[in-house]
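The values are calculated or read from the model by the stated rules, or taken from the named source; none is laboratory data. The shown structure was predicted, so the numbers you read here are calculated from the model rather than taken from an experiment. Positions of Cβ are generated from backbone atoms using ideal geometry, with glycine treated the same way; all protein chains shown enter the neighbour counts. Ligands, DNA and RNA are excluded from the accessible area calculation, which covers all protein heavy atoms including side chains. Shrake-Rupley method; radii C 1.70, N 1.55, O 1.52, S 1.80 Å.
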Amino acid sequence: MEGSKGEEAQKQQEFVLASISELASSSSSSSLTPAVARFSSEDGVGKLRFQQEAESDARVNVDLQTAQLFKLGPVQSVCISEGSDTGTEKLFSRGVTIHFKNEEESGAFHNAFEQWKKDFIVQGKKLPNGEISSSKSKFDDKIEPSSAKMYFHYYGQLLHQQNMLQDYVRTGTYYAAVIENRVDFTGRVVVDVGAGSGILSLFAAQAGAKHVYAVEASEMAEYARKLIAGNPSLGQRITVIKGKVEEVELPEKADILISEPMGTLLINERMLETYVIARDRFLQPNGKMFPTLGRIHMAPFSDEYLFVEIANKALFWQQQNYYGVDLQPLYASAFQGYFSQPVVDAFDPRLLVAPSMSHVIDFTKINEEDLYEFDIPLRFVAAVGTRVHGLACWFDVLFDGSTVQRWLTTAPGAPTTHWYQLRCVLSQPIYVMAGQEITGRLHMIAHNAQSYTIYLTLAAKMWGPGAEQGGIIQESSCKLDLKEPYYRMSQPQAYTITQDQQPHQQIQAQDIPIHSQDFEDSEFIPQPSPSSGVKMTLADFARSTGSLKDTL
């Protein structure tokens, strides 16, 4: 490479070649007349020109949008581009054989070719509004195709959209958050990220949005167009764009993003990453996001019914004479397999044995890469003496409107949503006494099936004479796949108190109002208490076991 010319390297780049020849040319290609290959930008379009130095008027122009480059040998390549002889049908009709001086210059030219294609096609410099690049997107790089296919197929069906629309806690909270904060929407440009049926876009239009861009990658985009067209007074301000957020181009920046990116345990399906990418690509500086932040809440629980139910599933594999076959060699694997499934259901909050703690995810500030892995240290103080069977989890999200702050919660004891709650069950429970500290770690790592692998460890010191001197620790761990939950949709059962247990009292965190400054520098903040009655407040619990700060 001779070097870069022009004011900027990306405007023009030049290579001196040993020779060039056209594939269709009848002349001999044995001549080693030096030639020049020049990359340049004209009106935002990437061009490549080949020209022989001895024939200044003889040149071949290549459109980088359609060109392909193939290596024929260490110092020989061929560049093929689309041409048209008829003016109507495009054909791969022109090719140039390129001879380089050495392998190093061949490699440099190939790298430059790929970079120029990327700069002028992938980044969207030639893409009109609503079109997507045919190149592989960031979404495709991190998500396996089979998972993406099933994901978009699922959300492309009306029956699944109906399931979400009929979650009146979910839909009603979104409607209230938008309508009560009209000031954030009136006259503003809105982007609906993963629009689905388009219901949130219609809410934004009802609140006075100037224009809404509804971005939806699944076939549901076509249904959204029908629904929006059927509401013309609102639909005239809504544009449906079918494509992935990572790929589409919009003609203007948004003042506010609205989305429903939450999955089971908040993070399942990895749509939070898409929400953050939309923020970086489409949102004006200091623009608003609905929802604004999310919190994952965690607390240890005791549920003998659930533990026995899961353990009993593996009893099938203890048969010694199943049609003459001994199944016992697979019993241990089956036992662990059943305990590797997170349990999704609604449970009685009285099963919690300690006040919950929370991990905050601020959607306005978090980086996409920060969502690839979570490492949450756990610390609780048991309120009762019991067997701890695992960790219960739920989430809530905040719509931080200018007029009203509204929470959408999936907490146990609150009205049930289609997300329910989630529990990680230990195959080896641990024993605790009232006032005893429970420590551990919740580690979640994203995988390319659009979910997470969960690693949970809970530990407590042994209780009783001599245990304190030896510092003996009970510890139990499990590995679960959030992609493969056990959906247990039965109603919460009354908890039967065994002889060796004290009655479980409902544990509630204090109802502390949350302000924006509270979550800027703090990783853990208390949850708002559910609407059900409180038998023991956090303050009462703290007075009975020691210091209030030790329970937080």
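Quick notes
- Residue match in the stretch 164-184 (condition: modelled with pLDDT of 95 or more, within 20 Å of Glu252 (Cβ to Cβ), more than 21 Å from the chain's Cα centre (by Cα) and not small (Gly, Ala, Ser)): yes
- Test: residue in the stretch 378-395 that is more than 30 Å from Asn312 (Cβ to Cβ) and either part of a strand (DSSP E or B) or of a type outside the set (A, V, I, L, M) (or both): yes
- Here is the figure for the stretch 146-161: residues that are closer than 13 Å to Glu222 by Cα, among the aliphatic types (A, V, I, L, M) and open to solvent by less than 60 Å² (accessible area, probe 1.4 Å) total 0.
- When residues of the stretch 338-349 are limited to those that are buried (at least 21 other Cβ atoms within 10 Å of the Cβ) and farther than 16 Å from Leu265 by Cβ, the one nearest to the chain's Cα centre (by Cα): Phe339
- Only one entry in Lys242, Lys288 is modelled with pLDDT of 95 or more, out of contact with any Cys (no Cβ under 6 Å at 6 or more places or on another chain) and either open to solvent by 10 Å² or more (accessible area, probe 1.4 Å) or at positive phi (or both), namely Lys288.
Yes or no, residue by residue, for (1) touching a Ser or Thr at 6+ places or on another chain (Cβ under 8 Å); (2) closer than 25 Å to Gln405 by Cα; (3) open to solvent by less than 10 Å² (accessible area, probe 1.4 Å); (4) of a type in the set (S, T, N, Q):
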site	(1), (2), (3), (4)
Leu165	yes, yes, no, no
Ala176	no, yes, no, no
Phe185	no, yes, yes, no
Gly198	no, yes, yes, no
Ala207	yes, yes, yes, no
Tyr223	yes, no, no, no
Gly230	no, no, no, no
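- Qualifying residue in the stretch 355-374 (condition: hydroxyl-bearing (Ser, Thr, Tyr) and in a strand (DSSP E or B)): yes
Yes/no per residue for (1) at pLDDT below 95; (2) over 30 Å from Ser477 (Cβ atoms); (3) in a helix (DSSP H, G or I):
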site: Val248; (1), (2), (3): yes, yes, no
site: Pro251; (1), (2), (3): yes, yes, no
site: Asp255; (1), (2), (3): no, yes, no
site: Leu272; (1), (2), (3): no, no, yes
site: Ile277; (1), (2), (3): no, yes, yes
site: Gly294; (1), (2), (3): no, no, no
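- Residues of the stretch 286-310 classified as in contact with a strand residue (DSSP E or B) (Cβ under 8 Å, 6 or more places away or on another chain) and over 30 Å from Ser402 (Cα atoms), total: 9
- Hey, Tyr331 hydroxyl-bearing (Ser, Thr, Tyr), farther than 21 Å from Lys483 by Cα and loosely packed, with under 14 Cβ neighbours inside 10 Å or not: no
- Given (1) without any contact (Cβ under 8 Å) to a residue 40 or more places away in the chain; (2) buried (at least 17 other Cβ atoms within 10 Å of the Cβ); (3) not hydroxyl-bearing (Ser, Thr, Tyr), index of the condition Gly324 fails: (2)
- Any chance Lys288 is of a type in the set (Lys, Arg) and out of contact with any Phe, Trp or Tyr (no Cβ under 6 Å at 6 or more places or on another chain): yes
- Every pair of residues 6+ apart whose Cβ atoms lie under 6 Å, when the first sits in the stretch 404-422 and is touching a residue at least 24 places away in the same chain (Cβ under 8 Å) while the second is charged (D, E, K, R) and open to solvent by 50 Å² or more (accessible area, probe 1.4 Å): Val404/Glu180
- Between Lys117, Lys101, the distinction of being modelled with pLDDT of 75 or more and farther than 22 Å from Ala18 by Cα belongs to Lys117 only.
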